[in-house]
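None of the figures in this text is laboratory data; all of them are computed from the coordinates on show. Fair warning: this is a prediction, and the values are worked out from it, not measured in the lab. Every residue, glycine as well, gets a Cβ built from its backbone with ideal geometry; the counts of neighbours run over all protein chains shown.
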Amino acid sequence: MRNNEETEGFDGEASNTSMISGVNSPYQPTTEPVLSRNVFRAIRCDREYLKSHFGILKVIEVVLALISFIFIETIMMCSPCAGVYLFEFVSCSAFVVTGVLLLIFSLNLHTKVPHINWSLTDLINTATSTFFFFLASVVLAALNHQSGAEIAAVIFGFLVMAVYALNTFLASRRWRLGDTRDGPMQTSEYIRARTASRGEVESRPELQ
């Protein structure tokens, strides 16, 4: 009897010791490695997007907006300068915003924020850029002094406006048809990542 009691006491102490060491151990099981792997796995260069109509249009828009901005920056003297300042602001803003969207889509970063309607976001950006490039180009054409830089800026302004207009047409059709490369795809990847994380937790009873 005494041996049985001693054995039970030893087992109880071992169990308590393992529980305490498990609580105090810095190597507690966690799902963070699974989540981090999913995050880094999503950040990759999407060559299919860059080869698509939207990817190609985005690259052209960024390049033309940059060229337009460079031409308008070479103008050293102007009077009045309202047209120059407006064109400078529009070309710089379009270059930055479209460049950021191109980076987000080409690296699949939009899949990490599935709550945003990225198709609508792209449509708003292209429609706004079309309108403001048209306005800035018309104003600069009316107020320019026939210098080479101003004429080149006006030409590239209307050219990039045409590219944005084509992108707006395609983006609006995609949005109306509900063809969301950004919507269901990113949502499915998000759900798949969450399912993998939950499966990892369920496979470890000590996390319950």
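Between residue 96 and residue 172, what's the calculated FRET efficiency when r is the beta-carbon distance and R0 is 22 Å? Round to 0.05.
0.45
Roughly what would the spin-label model give for residue 48 and residue 85, points 7 Å off Cα along C-beta, in nm?
4.8 nm
What's the Cα-based Rg to Rh of region 65-177, Rh via Kirkwood?
When Rh is taken as the Kirkwood radius, the ratio is 1.06.
Once you keep just the Cα pairs under 8 angstrom separated by 6 or more residues, what percentage relative contact order results for region 99-178?
Result for region 99-178 is 38 percent.
How much length, in nm to one decimal, is gained on full extension between residue 152 and residue 59, taken as 0.36 nm per residue of separation minus their Cα-Cα distance?
Values: separation 93, 0.36 × 93 = 33.48 nm, distance 2.00 nm.
Additional length available on full extension: 31.5 nm.
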